Amino acid sequence: MSEHIFIGVAWPYANGPLHLGHIAGAYLPADIFARYHRLKGNKVLMVSGSDQHGAPITIRAERESTTPQEVVAKYHQQFIDCWKKLGISFDLFTTTGTPNHTQVTHNIFLNLLNKGYIYKDKMLQAYCPKCQRVLPDRYLEGTCPYCGFTKARGDECDACGKPLNSWELKDLRCYLCSTPPRFESSEHFFLRLPSFQDKLTAWIKEQTHWRHNVLGTTWKFLGEGLKDRAITRDLDWGVTVPQSGFERKRIYVWFEAVIGYLSASKEWAKLQGDDTAWQAFWQDDARSFYFIGKDNIFFHTLVWPAMLMGYGGLNLPYDVPANEFLTIEGKKLSTSRGWAIWLHDYLERYEPDPLRYALAANMPETGDSDFSWHEFLRRNNNELLATYGNLAHRVLTFAYRNFDGVVPTAGEMDERSQSLLHGAEVTLDGVDKLLYHCQFKEAVKKSMSLAQEANRYLDEQAPWKTIKIERETSAKSVYTVLSVLAALKTVFYPFLPFSSERLHSFLGFDGSVKEAGWKVQFLPPGQKLRQPQPLFVKLDEDVVDKESSRLDSLSENRQIES
RNA sequence: GGCAGCGUAGCUCAGGGGUAGAGCAGAGGACUCAUAAGCCUUUGGUCGGUGGUUCAAAUCCACCCGCUGCCA
């Protein structure tokens with residue numbers, strides 16, 4: 001039976017390029033999951049988009065003497081290019097800047113307002129008279145009252161780690177121009193999160209299938225007690241507030257960005273020519289999955305569900321398989337210090353599949369994990385290429401040369417060969433279950449072990465020997481391994497779509513792996529093979545040194561600049 | 001500071017009350033179809049530290065140390 005699977009992926013902030021942490025954390029697992037479900041014959045809707053609002057973008061635009069719209073457009077285009085090159089198969093990747101998004105946001109805002117989940121109140125805000133801008137906490141700087149650090153931010157002291165309220169700081173000033181701010185009273189809307197506390201608690205209790213880290217974080221927030229949160233800001237860049245008197249205010253990004261999941265679904269439906277097509281993914285038995293980094297858990301397990309509960313009639317998340325963080329060469333990623341590997345930069349120089357493999361095989365599912373160029377090289381050369389790529393290449397070239405370029409007729413299958421074919425089906429089944437439960441790392445491992453088993457079989461059978469004595473025996477072994485390759489291109493498809501498609505074609509199939517479905521696609525004897533080529537490129541050892549020094553120099557330059 | 005997660009073989013990571021696991025790296029071997037890839041065998045860890053609960057702890061508890069994140 002075909003299922004409806006909604007996949008929401010964290011909205012990247014259109015303020016800078018994407019790095020490997022973003023990919024390992026959200027985009028790659030989401031794409032693996034989407035491809036898997038499509039192959040299973042399920043209906044998948046995977047959406048996301050550029051988050052284009054918020055103060056950092058306006059400030060960046062001012063610094064670069066351009067407009068927020070131009071900053072956003074630049075990165076939005078870069079994101080789209082990256083998705084294409086890396087094979088992240090969104091059904092729609094839009095932005096929060098569409099009229100549709102504004103309309104959907106207004107609809108939810110007014111709905112929650114009418115039901116009393118949103119109320120109006122006054123709050124004090126810091127305002128910089130020189131920048132003529134309301135200053136969010138992190139744009140305030142001053143001296144920490146606890147440790148005396150002179151560059152503490154309005155929300156937290158970087159030196160002693162204490163959380164702060166901006167008015168506690170001594171010598172308070174604007175982070176951008178050092179002018180002392182003045183505090184003004186301003187009217188804003190607030191979301192009554194506490195009124196969802198009980199319902200959320202009851203709902204979270206049922207989510208026993210969620211990851212431990214996600215549940216742990218969620219319970220922590222519930223335990224502390226939810227608090228009301230402002231959902232509007234004094235800004236001019238953002239989604240407008242549909243209330244008179246609020247013409248110069250905008251909806252706070254955190255509130256409208258999560259609504260993007262719904263507005264993107266509606267936009268997708270319109271593009272399909274069926275305005276109601278989104279409903280099948282948001283109602284009834286449809287299950288929704290949200291792929292995010294651990295920093296985003298609060299918004300996806302509590303805030304967004306609360307908004308949905310208040311709104312009514314739409315499915316709450318079925319799962320939020322948040323990943324932990326990726327470190328680079330053992331050090332934490334830092335965009336401001338230039339300690340990052342940028343996706344667009346990687347894709348200019350290397351193939352997508354090896355990266356997908358390296359990140360999936362070591363995905364930060366249960367804890368932070370590390371990416372190093374040495375490890376990347378090893379994964380590519382010793383696992384991907386040596387175990388899987390070489391298996392494909394040795395069998396395909398052997399069949400191509402010795403059996404007239406066609407799939408040989410197997411003849412009678414012995415027990416060993418049958419058990420390997422059975423093993424292929426067991427693997428398919430096992431990977432199926434693992435992917436169903438979002439256990440990506442295990443799924444890669446299990447897939448690779450099938451390739452290992454096939455290598456072992458091939459060595460035992462030695463068709464290169466038997467072909468000199470008994471052609472049928474050799475044909476049987478070759479046929480068996482070709483069938484295992486057919487299974488491998490299927491199990492690996494979610495992880496390695498590009499090489500799977502190539503293998504699919506070398507095996508003589510037409511069309512895409514997608515159409516073949518999640519099953520061992522046995523080869524018709526006599527099917528014409530295509531001239532095989534190596535699936536993966538061996539990387540030279542000096543890649544490690546080159547990339548490491550590149551990383552160091554980028555990082556140093558960045559520090560000199562700032 | 002509070003809270004959460006993590007700390008397991010040289011490296012990257014699984015496991016999670018009952019004789020320590022995988023892959024890679026290292027060592028030895030047989031083979032040669034293949035991108036000098038593959039296969040077999042093998043070295044290697046008192047599971048961050050100290051206490052405690054238990055017949056039994058890497059696994060539970062307490063405290064400590066280190067790393068990471070969150071504090072809306």
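Do we find that A:E460 is surrounded by fewer than 19 Cβ atoms within 10 Å (Cβ to Cβ) and either more than 36 Å from the chain's Cα centre (by Cα) or over 16 Å from A:L385 (Cα atoms) (or both) in this structure? Yes. Of the residues in segment A:405-423, not one is part of a helix (DSSP H, G or I), within 11 Å of RNA strand B (Cβ to nearest atom) and either among the polar types (S, T, N, Q) or within 27 Å of A:F33 (Cα to Cα) (or both).
Suppose we keep only residues that are assigned to a helix (DSSP H, G or I) and more than 6 Å from RNA strand B (Cβ to nearest atom) within segment A:459-468. Which one would you say is farthest from A:S417 (Cα to Cα)? Filtering segment A:459-468 for residues that are assigned to a helix (DSSP H, G or I) and more than 6 Å from RNA strand B (Cβ to nearest atom), the one farthest from A:S417 (Cα to Cα) comes out as A:K465. Of the residues making up segment A:276-286, one or more are surrounded by 22 or more Cβ atoms within 10 Å (Cβ to Cβ), at pLDDT 90 or above and either assigned to a loop (DSSP other than H, G, I, E, B) or more than 10 Å from RNA strand B (Cβ to nearest atom) (or both). In this structure, A:L308 qualifies as without any contact (Cβ under 8 Å) to a residue 24 or more places away in the chain and either assigned to a loop (DSSP other than H, G, I, E, B) or more than 14 Å from RNA strand B (Cβ to nearest atom) (or both). Against the numbered list (1) farther than 29 Å from A:F376 by Cβ; (2) of a type outside the set (D, E, K, R); (3) modelled with pLDDT of 95 or more; (4) within 12 Å of RNA strand B (Cβ to nearest atom), A:L503 comes up short only at (1).
Okay, residues lined up against (1) in contact with a Ser or Thr (Cβ under 9 Å, 6 or more places away or on another chain); (2) hydrophobic (A, V, I, L, M, F, W, C); (3) part of a helix (DSSP H, G or I); (4) loosely packed, with under 15 Cβ neighbours inside 10 Å:
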| position | (1), (2), (3), (4) |
| --- | --- |
| A:G223 | no, no, yes, yes |
| A:K227 | no, no, no, yes |
| A:E256 | yes, no, yes, no |
| A:W268 | yes, yes, yes, no |
| A:D274 | no, no, no, yes |
| A:Y290 | yes, no, no, no |
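Residue pairs whose Cβ atoms lie under 9 Å apart, sitting 6 or more positions apart in sequence or on different chains, and linking a residue in segment A:205-222 that is under 15 Å from A:D368 (Cβ atoms) and among the hydroxyl-bearing types (S, T, Y) to a partner that is more than 8 Å from RNA strand B (Cβ to nearest atom) and not in a helix (DSSP H, G or I), are A:T217/A:A322. Looking at segment A:140-147, can you tell me whether even one residue there is closer than 22 Å to A:G54 by Cα and either at pLDDT 95 or above or not in a helix (DSSP H, G or I) (or both)? Yes, that holds for at least one residue. Among the residues making up segment A:424-467, those that are of a type in the set (D, E) and without any contact (Cβ under 8 Å) to a residue 24 or more places away in the chain are A:D429, A:E442, A:D459.
What number of residues in segment A:203-213 are part of a helix (DSSP H, G or I) and either in contact with a Pro (Cβ under 8 Å, 6 or more places away or on another chain) or at pLDDT 90 or above (or both)? Selection size over segment A:203-213: 1.
The rows are residues; the columns are (1) touching a residue at least 24 places away in the same chain (Cβ under 8 Å); (2) within 22 Å of A:V320 (Cβ to Cβ); (3) not polar (S, T, N, Q).
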position	(1), (2), (3)
A:L169	yes, no, yes
A:L172	yes, no, yes
A:S185	yes, no, no
A:F196	yes, yes, yes
A:A202	no, yes, yes
A:L235	yes, no, yes
A:G238	yes, no, yes
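Only a single item in (1) more than 29 Å from the chain's Cα centre (by Cα); (2) part of a helix (DSSP H, G or I); (3) basic (K, R) is not met by A:R530, and it is number (2). For residues that are among the basic types (K, R) and free of Cβ contacts under 8 Å to residues at least 12 places away in the same chain, scanning just segment A:345-394, find the one that is farthest from RNA strand B (Cβ to nearest atom). Among them, the one singled out is A:R349.
Of all the listed residues (A:E324, A:E329), the sole one being within 11 Å of RNA strand B (Cβ to nearest atom), within 19 Å of A:V544 (Cβ to Cβ) and of a type in the set (D, E) is A:E329.
The values are calculated or read from the model by the stated rules, or taken from the named source; none is laboratory data. The structure displayed is predicted, hence computed values, not measured ones. Here the Cβ is made from the backbone with ideal geometry for all residues, glycine too, and neighbour counts use every protein chain on show.
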